Structures are given as structure tokens and as C-alpha cells.
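Throughout, read-outs are computed from the coordinates displayed, never taken from laboratory work. Model, not experiment: these values are computed from the prediction. In this analysis, Cβ positions are derived from the backbone assuming ideal geometry, glycine residues included, and neighbour counts consider all displayed protein chains.
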Amino acid sequence: MQADTRSLERYKWMVFAVCWLAGIFAGMNASIFSVLLPQAMADLHGTSQAGAVIMASFLLGWMVGGIGLGVISDRFGRVKTLAASIVLYSLCTALAGLSQTITELALYRFAAGLGIGGTMLSIAVFLAETWPARSRAVALGALVTSYQVGVFLSGIAAQGAPTWRMAFALGILPIFLTAVVLRWFQEPALKTSASHSATPIPKFNLLMGGLIFGSLLVGYWAALSWIPTWMQNLPGALGHEKNWSQMLHGICAIAGCLAAGPLADRYGRKAVIASSFTAAFASTWWMLLAHTTFAPTIYLLHGVLGFSVGMAQAVMYIYLPELFPASVRGTCVGLCLNSGRFITVCAVLCMGYFIDYTVALCLFASMYLVGAIVACFAPETTKLAS
């Protein structure tokens with residue numbers, strides 16, 4: 001009996017470690033293009049509109065992958081879906097470094113988005129269904145730090161790699177995780193007697209979850225995609241500021257993720273959602289409107305934004321699996337995580353046509369307030385639905 005307990009404990013931590021590593025590389029591969037955008041566009045003779053198209057194609061792929069692979073995971077299992085997702089984003093990120101045209105780069109980024117969408121969904125659902133209830137919220141909050149560690153590493157990769165192509169080549173690293181997943185991961189034992197087709201989808205929960213996370217997506221991705229470019233275009237910027245700011249943003253976001261679990265357990269999911277979304281709105285507006293030249297306070301405010309968004313992301317990954325029964329959890333969480341991504345695609349695409357980035361970014365950052373308001377009407381949760 002004691003041996004079984006130790007075995008389960010080891011398995012629990014192995015699942016966390018592998019999911020955390022998969023999330024790190026997903027975060028790095030997702031955000032690295034934002035930092036490398038100026039170099040890549042200069043090399044491929046692209047415009048800001050072309051950069052916007054590539055970013056939009058990536059987010060579109062993330063949406064399709066997150067929803068489609070969520071449905072697949074409910075029908076064919078979490079393990080195979082996670083393994084396939086990791087292979088897809090690893091291989092296609094590396095191949096993006098070989099692109100010779102804007103079209104090739106957009107296609108590779110779309111395919112990488114498919115894999116990252118499936119990975120971020122799969123690791124959250126898998127951990128939620130594997131980890132014990134008493135510490136699940138803290139574990140999921142810590143899991144989301146993986147994405148933000150990846151954001152931090154994207155800044156290091158951009159700073160250290162000799163070319164943008166070499167930085168993309170690093171994207172192949174996580175492919176080794178697929179062997180571990182296929183060899184050692186076990187399908188979660190779900191306590192449900194209903195089949196997928198017989199389980200009704202909680203439509204109100206789906207609507208609330210989709211609206212809240214969708215508002216976070218619009219605000220965060222419009223900002224994450226274009227704030228580095230906004231920084232570089234400020235008078236007084238030398239070009240390296242966006243790299244250092246990206247690293248600081250990632251560190252602060254990690255702290256926000258770690259804080260989310262304990263705060264959500266103590267004050268409730270809704271309170272943490274509303275407060276983190278409001279802080280993200282305020283810090284973005286302050287950073288953008290208070291600066292017409294580059295100043296050190298931009299680092300501070302970008303760090304505050306990172307902390308707020310990290311907490312917001314983590315609490316949503318805690319909250320969403322709790323809204324749905326196990327047999328449709330992959331489908332419903334996938335829809336919530338990605339249904340708002342189409343609007344995000346449009347927002348990122350439109351950014352390439354704005355002359356004044358400050359006005360556009362403030363407009364999209366206002367979506368954080370929408371999420372905070374919607375959270376007031378959403379159901380509170382305290383445990384994972386069985």
C-alpha cells in the first residue's frame with residue numbers, strides 16, 4: 001500500500017514536470033516571433049502588414065488546434081493528443097527558420113499554432129484530471145508559469161541567437177518530450193458514467209468562460225504582439241529594450257502565476273479574475289499613454305502588466321476545467337480557450353494598418369475590463385467537476 005502511494009506520488013510529479021516543460025517551449029515558440037518581427041521582416045522584405053498577417057495566421061492556427069484537438073482528446077484520449085501537439089509545434093517552429101518567403105513563414109506559424117493550441121489545452125486538462133483536489137489550484141497556477149518562462153526564454157533566444165533563423169531553430173528542442181508522454185503517461189481515470197454524446201454541455205458556463213477568456217486573449221495578444229514594436233519605435237530606444245523588457249515581463253508573469261492558486265483558494269476564483277484583469281487594463285493604459293519617448297518606467301509598467309496577465313492566465317486555467325463535467329471537458333475548455341481567438345486574430349491583423357500604435361493598443365486593452373465585468377455574473381467554483 002505504501003509502495004503504491006509512493007508510486008502515485010512519483011507519477012504525479014512526473015506529469016507535472018513534463019507538462020511544465022511542454023508549456024515552457026510552447027510559450028517560447030509562441031512569443032518568439034513578436035520579438036524577432038523586425039529582423040524577420042527586414043530579411044524577408046516584409047512590411048508591418050505582412051507581420052500582422054503572420055501573427056494572425058499563428059493565432060488562427062492556435063484557435064483551430066485548441067478547439068479541434070480538444071474534441072479529439074475527448075474522443076481518442078489525452079495522451080495521444082498531447083504527444084501529437086508537441087511534435088507539431090516543435091517541428092513547425094524549427095521549419096519556420098528555413099522560410100524564404102512571407103507565405104512560407106505564415107504557413108509554418110499557422111501549423112505551429114495548431115500544436116501550441118493543442119498543447120496548452122492538453123497540459124491543463126491532463127493535470128487537472130491527474131492532480132489531487134486538495135492542491136490542484138496551486139498546481140495549475142504553477143503549471144501556467146511554464147508559458148511565462150517560455151516568454152522569458154524567447155527574450156534570451158532573441159538576444160543570444162546570431163540570427164532570427166537560429167532562434168527559430170531552437171523550437172525543435174521539446175520534441176523529445178513526446179517519447180516520455182507516450183511511454184509513461186496514463187489516461188486519467190475519469191469518474192463519469194455518461195458517454196460523451198449523452199452528456200449535456202453547460203451552455204451558460206461555456207458562454208461565461210468563453211467571454212472572460214476571450215477578453216483576455218484580445219487584450220493580451222494585441223499587446224504582446226505589438227508592444228515590442230511600439231517600444232522600438234519610441235524616440236530614445238536603441239533596439240535592445242524590447243528584449244530586456246520581454247524577459248522582465250516573463251519573470252513578473254511567473255510571479256503572478258504562482259500567486260494565483262493560493263489567492264484563488266482563499267478569495268475565490270471570480271475575485272482574482274476581476275482584480276487581475278483590472279490591473280492589466282490599468283498598467284497597459286498607463287504605460288502607453290504616459291510615454292512618448294523611451295523611459296525606464298516602461299520596464300516597471302511592463303513588469304506590472306506581466307504580473308497581472310500571469311495571474312489572469314493562471315486563474316483561468318484553474319477556473320475553466322472546474323466549469324465542466326469530465327466527458328466534455330476537453331471540448332468545452334478548448335472552446336473557452338479559443339472561441340475568442342478569432343476576434344484576437346482580427347485585432348492583431350488590424351494592428352498592422354494602424355499608424356498610431358498607442359491608440360490601437362489602448363483600445364484593445366480595454367477588453368480586460370469587459371472580462372472583469374463578465375466575471376461578476378459568472379458562477380463561482382471551488383472544485384473540479386467530476
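The table for this structure:
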quantity: Distant alpha-carbon pairs in region 53-187 (separation over 23 angstrom), percent; calculated: 36 percent
quantity: Dipole magnitude of the chain, debye to nearest 20 (Cβ charges: Lys/Arg +1, Asp/Glu -1, about Cα centre); calculated: 800 debye
quantity: Listed residue (Asn338, Ala279, Gly160) projecting farthest to the positive dipole end of the chain, Cβ model; calculated: Asn338
quantity: Pairs of Lys in the chain closer than 20 Å at Cα, counting only those 8 or more apart or on different chains; calculated: 7
quantity: Computed E for Leu289/Glu187 - FRET, C-beta separation, R0 51 angstrom, nearest 0.05; calculated: 0.55
quantity: Ile201 paired with Phe176, simple spin-label distance in nm, labels 7 Å along Cα-to-beta-carbon; calculated: 3.9 nm
quantity: Taking Asp265, Asp74 and counting other C-beta atoms within 10 Å, the order from fewest to most; calculated: Asp265, Asp74
quantity: Rel. contact order, % - alpha carbon contacts under 8 angstrom, at least six apart, the chain; calculated: 27 percent
quantity: Extended-chain gain in nm, criterion 0.36 nm per residue less alpha-carbon gap, Asn233 and Arg75; calculated: 52.1 nm
quantity: Interatomic Cα distance distribution for region 227-386, bins of 5 angstrom, percent; calculated: 2, 9, 15, 19, 20, 15, 10, 6, 3, 1, 0, 0
quantity: C-alpha center-to-center spacing [region 140-178, region 272-298] in angstrom; calculated: 25 Å
quantity: Hydrodynamic radius (Kirkwood) for the chain, which is based on Cα pairs only, to one decimal in Å; calculated: 20.5 Å
quantity: Ala133-Leu300 pseudo-label distance in nm [points 7 Å out on the Cα-to-Cβ vector]; calculated: 4.5 nm
quantity: Net charge of Cβ neighbours under 15 Å - reference Met41; Lys, Arg +1; Asp, Glu -1; calculated: +1
quantity: Rounded FRET efficiency, nearest 0.05, which uses the C-beta distance separating Thr101 from Phe377 and R0 of 51 Å; calculated: 0.60
quantity: Relative contact order computed over region 33-170 (Cα-Cα under 8 Å; 6+ residues apart), in percent; calculated: 32 percent
